[in-house]
């Protein structure tokens, strides 16, 4: 599971990274609001641990903007702001949970597990973006009610893009999460580009509304309308 830790205090950030990596989470750390927001909107994460008092951009503003963009990644707020009003503001801004500093690392892990269980329980066996639908049980895909025939790899690739609708997914992320390649000496960029091109032909061919977009120099995203 990939976790973005947004924390400006270096000792806290290092402790979180070390502890989470010890639990076999894939951890990325950002220490400013601007850098964190860029990561959130250009890369795919399963969970965001978000401090509120950040240099560059306040955590609540980041959270509100993130939800306004339709990004549904689970967010656990970690903060020293402990009043009832602070908790209400955090949850109303789109946080999935709220943990006040200082906290025990064991409690943090329990909160993370609970969020991930909640996310799995809420998952629908069907994904949909615009008129594109995917049934995860029958593994059938349709666009505008018309069947779209995909290979196993194309299905996995499309599923990943649909799960992270509206978020830019890098080639590195696709290589790791779809191809399961972590120790390859040569990049899979060309292979991924070929699969994206084939998928785009099947999903977007002859459609006025394109769903699969390339963000030059960054990666790909699936959404209605231009990115």
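Counting only residues that are touching a helix residue (DSSP H, G or I) at 6+ places or on another chain (Cβ under 7 Å) and touching a residue at least 60 places away in the same chain (Cβ under 8 Å), which one in segment 41-68 is farthest from residue 165 (Cα to Cα)?
Filtering segment 41-68 for residues that are touching a helix residue (DSSP H, G or I) at 6+ places or on another chain (Cβ under 7 Å) and touching a residue at least 60 places away in the same chain (Cβ under 8 Å), the one farthest from residue 165 (Cα to Cα) comes out as 47.
Within the group 97, 86, 92, which residue is outside the structural domain of residue 203 (by TED's automatic domain parsing) and in contact with a strand residue (DSSP E or B) (Cβ under 6 Å, 6 or more places away or on another chain)?
Criteria check complete, one pass: 97.
Taking segment 175-198 as the search range and keeping residues that are in a loop (DSSP other than H, G, I, E, B) and touching a helix residue (DSSP H, G or I) at 6+ places or on another chain (Cβ under 9 Å), which one is modelled with the lowest pLDDT?
184
Tally up the residues in segment 117-128 that are closer than 29 Å to residue 213 by Cβ and either in contact with a strand residue (DSSP E or B) (Cβ under 6 Å, 6 or more places away or on another chain) or modelled with pLDDT under 90 (or both), please.
8
Return the only residue of 18, 23, 30 being within 23 Å of residue 109 (Cα to Cα), outside the structural domain of residue 161 (by TED's automatic domain parsing) and more than 20 Å from the chain's Cα centre (by Cα).
18
Please give the number of the condition residue 227 fails out of (1) modelled with pLDDT under 90; (2) assigned to a helix (DSSP H, G or I).
(2)
Specify the residue that is nearest to the chain's Cα centre (by Cα); the eligible residues are those in segment 177-226 that are in contact (Cβ under 8 Å) with a residue 40 or more places away in the chain and farther than 18 Å from residue 128 by Cα.
Taking segment 177-226 and keeping what is in contact (Cβ under 8 Å) with a residue 40 or more places away in the chain, we get 177, 195, 198-199, 202-203, 207, 209, 211-212, 215, 218-224.
Narrowing the set further to residues that are farther than 18 Å from residue 128 by Cα leaves 177, 195, 198, 215, 218-219.
Details: 177: 12, 195: 21, 198: 24, 215: 16, 218: 15, 219: 14 Å.
Ranking the qualifying residues of segment 177-226, first place goes to 177.
Inside segment 66-84, can you point out the residues that are surrounded by fewer than 16 Cβ atoms within 10 Å (Cβ to Cβ) and closer than 19 Å to residue 54 by Cβ?
Residues satisfying the conditions are 67, 68, 69, 80, 82, 83.
Suppose the filter is over 20 Å from residue 39 (Cβ atoms), at pLDDT 90 or above and surrounded by fewer than 18 Cβ atoms within 10 Å (Cβ to Cβ); does residue 201 pass it?
yes
The values are calculated or read from the model by the stated rules, or taken from the named source; none is laboratory data. Not measured: the values here are computed from a predicted model. With ideal geometry, Cβ positions are generated from the backbone for all residues, glycine too; neighbour counts draw on all protein chains shown.
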